[in-house]
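Quick notes on the structure that follows.
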Amino acid sequence: MILDDLDSRPGSTTSLLRTVVGLYLRDLGGVVAVADLVELLEALDVPSVGARGAISRVKAKGLLVPETVGGRAAYRLAPEAGRMLERGDRRIFAYRQQGDDDAWCLVSYSLPEEQRAVRHQLRRHLAWIGAGTVADGLWIAPGHLVDEVEEILVGLGVREAATVFVAGPPRVAGSFADAAARWWDLDRVAALHRDFLARHGGSRPEVGWAEGARPESARPDDARPDDEAASPRAAFARWVRAVDDWRPVPYVDPGLPLSALPPGWPGAASVALFDGLRADLADAAADHVRVVVGR
């Protein structure tokens, strides 16, 4: 099983490559020539040397396997990667918000000190999918994430050390909003939403801002004159960078009920911006990919 790569920093060459692979390789039959992949990354201002280095790193992670197609060096998506990418699609393109009465998933585990490293990895992966820490060895996540929790436990080889419960809304002393503020780092999640709005909101001026006027930083990173910005190549660059920046957000954001969120929460504006960018850019970006790979 390939677990999601927690260490690919958005905007890095490796992260951009993973985003390109996740967005397009399945539609290309799961295989792409190395030269075509390098050309696609050139649209993202990644030089050839950097692109080939990132390809080697992603290969080492088990996402791609080399082969030859029509006499050309190529890479094929690893067979076991499909499920991970499908899980990512659900997160990235179908943001889900928990309702007040929806089920929750509780994960209780106990690992001995000699398994400290595995325990650390388990905590990292649970945090990565948006789970919150109720107490030492007890985590909570929206109920619809129970299958992802199970995959993490199995993937790390600790399923027998954990018990998973699916239950109704937790009963807490005080408000659930107060409990949520203890269980999740909501300041960090809000900062991720605001960063996305700041980086990409300038390309869609109708996007609203929950806390005043749009900051000066809210300009598209790759702004170009109108004719160039409208090209499929430019749309590809903007869309891939938008997805790459957005990709971590719906993972660490658990989609808490509105009643559990602090005032001025930027999540709704961030989600709307991403959906709008998809409507604006995704089709033209796919056209550029088809031109590059000759399909």
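The values are calculated or read from the model by the stated rules, or taken from the named source; none is laboratory data. It should be emphasised that the depicted structure is a prediction, and the values quoted were computed from it without experimental measurement. Note that we place each Cβ from the backbone using ideal geometry, even for glycine, and neighbour counts take in every protein chain shown.
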Self-check item: Odd one out for Arg247, checked against (1) within 21 Å of Arg26 (Cα to Cα); (2) modelled with pLDDT of 95 or more
Solution: (2)
Quiz item: Looking at region 194-217, is at least one residue over 21 Å from the mean Cα position of the chain (by Cα), modelled with pLDDT of 90 or more, over 20 Å from Thr19 (Cα atoms) and outside the structural domain of Ala127 (by TED's automatic domain parsing)?
Solution: no
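Yes or no, residue by residue, for (1) in contact with an Asp or Glu (Cβ under 7 Å, 6 or more places away or on another chain); (2) farther than 21 Å from Leu186 by Cα; (3) small (Gly, Ala, Ser):
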position	(1), (2), (3)
Asp100	no, no, no
Ala103	no, no, yes
Leu126	no, no, no
Ala141	no, no, yes
Gly155	no, yes, yes
Pro170	no, no, no
Self-check item: Residue that is farthest from the chain's Cα centre (by Cα), among those in region 244-268 that are assigned to a helix (DSSP H, G or I) and under 29 Å from Thr13 (Cβ atoms)
Solution: Gly267
Practice problem: Identify the single condition in (1) free of Cβ contacts under 8 Å to residues at least 24 places away in the same chain; (2) closer than 25 Å to Leu25 by Cβ; (3) of a type in the set (Asp, Glu) that Glu80 does not satisfy, given that it satisfies every other one. | Solution: (1)
Exercise. Filter region 38-73 for residues that are in a strand (DSSP E or B), surrounded by fewer than 19 Cβ atoms within 10 Å (Cβ to Cβ) and either hydrophobic (A, V, I, L, M, F, W, C) or under 22 Å from the mean Cα position of the chain (by Cα) (or both) and give the result.
Key: Val65, Val69, Ala73
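For region 132-183, how many residues are in a strand (DSSP E or B) and polar (S, T, N, Q)?
2
So which of Trp128, Trp139 ends up being crowded, with 18+ Cβ neighbours inside 10 Å and either of a type in the set (Ser, Thr, Tyr) or within 24 Å of Leu261 (Cβ to Cβ) (or both)?
Working: Trp128 fails: crowded, with 18+ Cβ neighbours inside 10 Å.
The conditions single out Trp139.
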Self-check item: region 142-156, subset under 14 Å from Leu106 (Cα atoms) and among the charged types (D, E, K, R), residue surrounded by the fewest Cβ atoms within 10 Å (Cβ to Cβ)
Solution: Asp147
